[in-house]
Structures are given as structure tokens and as C-alpha cells.
1. Listed residues Phe95, Phe161; which is in a helix (DSSP H, G or I), closer than 30 Å to Ile195 by Cα and not β-branched (Val, Ile, Thr)?
2. Taking into account only those residues within region 270-322 that are free of Cβ contacts under 8 Å to residues at least 12 places away in the same chain and part of a helix (DSSP H, G or I), which is farthest from the chain's Cα centre (by Cα)?
3. Could you check region 94-135 and list, in sequence order, the residues that are under 21 Å from Asp67 (Cβ atoms) and surrounded by fewer than 16 Cβ atoms within 10 Å (Cβ to Cβ)?
4. Considering only region 191-199, I want to know if a residue exists there that is over 27 Å from Lys123 (Cα atoms), assigned by TED's automatic domain parsing to the domain that holds Ala242, free of Cβ contacts under 8 Å to residues at least 40 places away in the same chain and crowded, with 21+ Cβ neighbours inside 10 Å.
5. Which one is nearest to Ala277 (Cα to Cα) among residues in region 204-262 that are part of a helix (DSSP H, G or I) and of a type in the set (Asp, Glu)?
Amino acid sequence: MMPDISRRVAHALACSGELQFAVLLIAVSGLLLAESATEQGVIAFQQGHYSQASKLLADAVRSNPRDEHARTFLALTRAATGHCPEAVPDLTDRFQKSENPDLARLAGLALAQCLAAQGNTPKAVSIADQLAAKYPDDADVLYQAARVHMRAFNDATRRMFEKTPASYRVNQLSGEIFETQNKFTEAAAEYRKAIEKNPRALNLHFRLGRAILLESHSPEALAKAQKEFEAELALNAEDAAAEFQIGQILDAGGRRDAALGHFQKALELSPDFPEAALAVGRIRVQAKQYAEAIPLLERVVATQPRNEAAHYSLMLAYRNSGQMDKARREQEELQKLQHPPEGEFTDFLKRLGEKAPQQ
């Protein structure tokens, strides 16, 4: 009897310490293997019997050094049992040379984990990036890439704190870490320390201004944040993000015309800045300048089809300029994205079928 190994090897999970290997169904393109040491070893590996798998697969490799399945799963078994120094050469070879994409993928995943476990984070990152390029939609590959990149970040952060504790970069990174933890007061304090150490470093004033805004939208906070964004522009006059943030603050304070100038400047500096395009388009709609607003808003919904604010503003522009069919299309898109809220927006949806007001 010549059973197909792809039928016998089902989804499995092999765990040992920090290492985890998701063994997927192996497609062998019609290759049939005998009830052999290779097949028995693969099944033992699948069942988590690593000692038995190691012996069977080692016997298979000795009998036939060209047996790709045996070599790959022997290396996987060694990696799963913490014997990475023995596993890495074969894992590297299989990842680089195997014409079987499933085996190459498994070898690459195990190789990246082994290299990370051995402390060779740069090489692990390189393997993870190669895997991501070959298998861009694979959840296991993307998970592994995230893990090794996170480890690389942590390693670099530790070295920076150990080697350059007085550097402004330590304060900057501390601020960024605090931001991810929603500790905006602490983040702002770290950015201020970084600015004291290096007043001309780019992006520090922007980060500080954003931390201030994330902590509070009080008038006092808005004023302080605006000063930081202006300070950023004094260092880098082509910072589109800083221009946009100033526009946001001015718009929130009811200074629409002044805000528009900053939004337009941000869009000039960065034509692919959808938030700036939306802001300009929204103000144009409010000013009944529909011909100027519509192309901007159409560009936003083309690049961000799930942007509800853009669809809403575009619907207003279409409706108020008499383009009712297009307005209904935007209404349908909005209804797919959300339940209509109560209030002005709901009333507007109900009036869509009415005649457009005279301009």
C-alpha cells in the first residue's frame, strides 16, 4: 500500500518552550510515499512524540540523504526540542533550496524562531522579511515577522538605554512608549526633556504638541499644542503634518478661513494626504463651493473607501449641487458602513429624494 503523505499529515501544533510550529497539510503534488520511516516519523512529529520522530527521521535520512521530507521534519523536530544549533543548517538549506513551498515555509518559520532563540535577532529579522515577501498573506508568517521585529526593537531599546542613557533619543523613545500606553502627561514630560537636550531636533515639537492634544482639548491645551506645531514648522517649514494640526486647532476654534490656509498648505506639501484633502473638501462644502470640493472628496473615498466622513461630505456636495443619483450612491455606501445616527444626518438622508434647493 502506498498512502499519500498529504492525506496522513493534518494540521498540528508542535510546542517546545518558546518555539511554536504550525504544521499545515503538505501538498506533495502526486508524490506517494511508502509506509516508511519518513511517514512514520512525520506522524510521530505531528502527535508530539519527538523522541520517536527524531529516531525514525534520522534513520530515514541515513537511508536516503535526498529524502527532502525526512530532512525537513528531522530539522523541525530538533528545533522543537531545543536543539537549534543542529537544526539551523538543514533549516537554512531547506528554506533556501526547497522547491516545495510548504516545506520551505515550515523551514523558514522554524529557522526564524531558532535564530531569535539563539540571540541572532538581525538574522531572524532577515529570514522573517524573506518569508513575508514570499508569503505576504500568511497569518503564521506575519505573526512570526511581528514577533522577531518586536524582539529586535526591544534589543535595540535595551542597548540604547544601556549605552546612551543621557541621549535625547532616550527621552524621545520613552515618550513614544508612554504614548502607546496612553500616558500622555508622562510622554509630554519626556519630549520636553528631549527638546531641552536638543532644541533643533526634528519631530520633537510635533510629538509634544500631539501628546498635549491627546491629553486634553481644553482651550489652554489647544494654545500650547499650536505653539509646539509652530515651533516644528520653524525647524522644518515643509512639515505637512504640523500644518494640518494647526489647521485642526484653528478649525476647532471657529477660525475656518485661517484653518483652510493651513489645510491647503499641508495638501500642497503632501498631495497624497487624505486627511488634508478631506478637511479642504469639507470646508469647501460648507462654503457652497461644490465644484472645488467634489474632486478632492472623490479622491479621498477612492483611496479610503471606508472613510465615513468623506462619504458624508461627498454626499452633501452631490446633493446640494443637484447630483441626486450620485448623492444616493454615497448614501448607500454610508448605510453599508454604519447605522445612520440621529439628528441632522438622519433628517438629511430622509430629504435626499426632495428637490435640491435653488442656488
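1. Values: Phe95 fails: closer than 30 Å to Ile195 by Cα.
Only one candidate qualifies: Phe161.
2. Glu292
3. Just the residues of region 94-135 that are under 21 Å from Asp67 (Cβ atoms), to begin with: 94-111.
Passing the criteria: Gln96, Lys97, Glu99, Pro101.
4. Taking region 191-199 as the starting set, the residues that turn out to be over 27 Å from Lys123 (Cα atoms) are 191-199.
Then drop every residue that is not assigned by TED's automatic domain parsing to the domain that holds Ala242, which leaves 191-199.
Filter once more, keeping what is free of Cβ contacts under 8 Å to residues at least 40 places away in the same chain: 191-199.
Then keep just the ones that are crowded, with 21+ Cβ neighbours inside 10 Å; that gives 191, 194.
Yes, because at least one residue in region 191-199 is over 27 Å from Lys123 (Cα atoms), assigned by TED's automatic domain parsing to the domain that holds Ala242, free of Cβ contacts under 8 Å to residues at least 40 places away in the same chain and crowded, with 21+ Cβ neighbours inside 10 Å.
5. Initially, region 204-262 is screened for residues part of a helix (DSSP H, G or I), giving 204-215, 219-235, 240-252, 256-262.
Checking which are of a type in the set (Asp, Glu) leaves us with 215, 220, 228, 230, 232, 243, 251, 257.
Working: Glu215: 26, Glu220: 28, Glu228: 23, Glu230: 21, Glu232: 21, Glu243: 13, Asp251: 14, Asp257: 15 Å.
Ranking the candidates gives Glu243 first.
The values are calculated or read from the model by the stated rules, or taken from the named source; none is laboratory data. The structure presented is a predicted model; accordingly, all values stated were derived computationally and were not measured. So basically every Cβ, Gly included, is an ideal-geometry build from the backbone, and we count neighbours across all protein chains shown.
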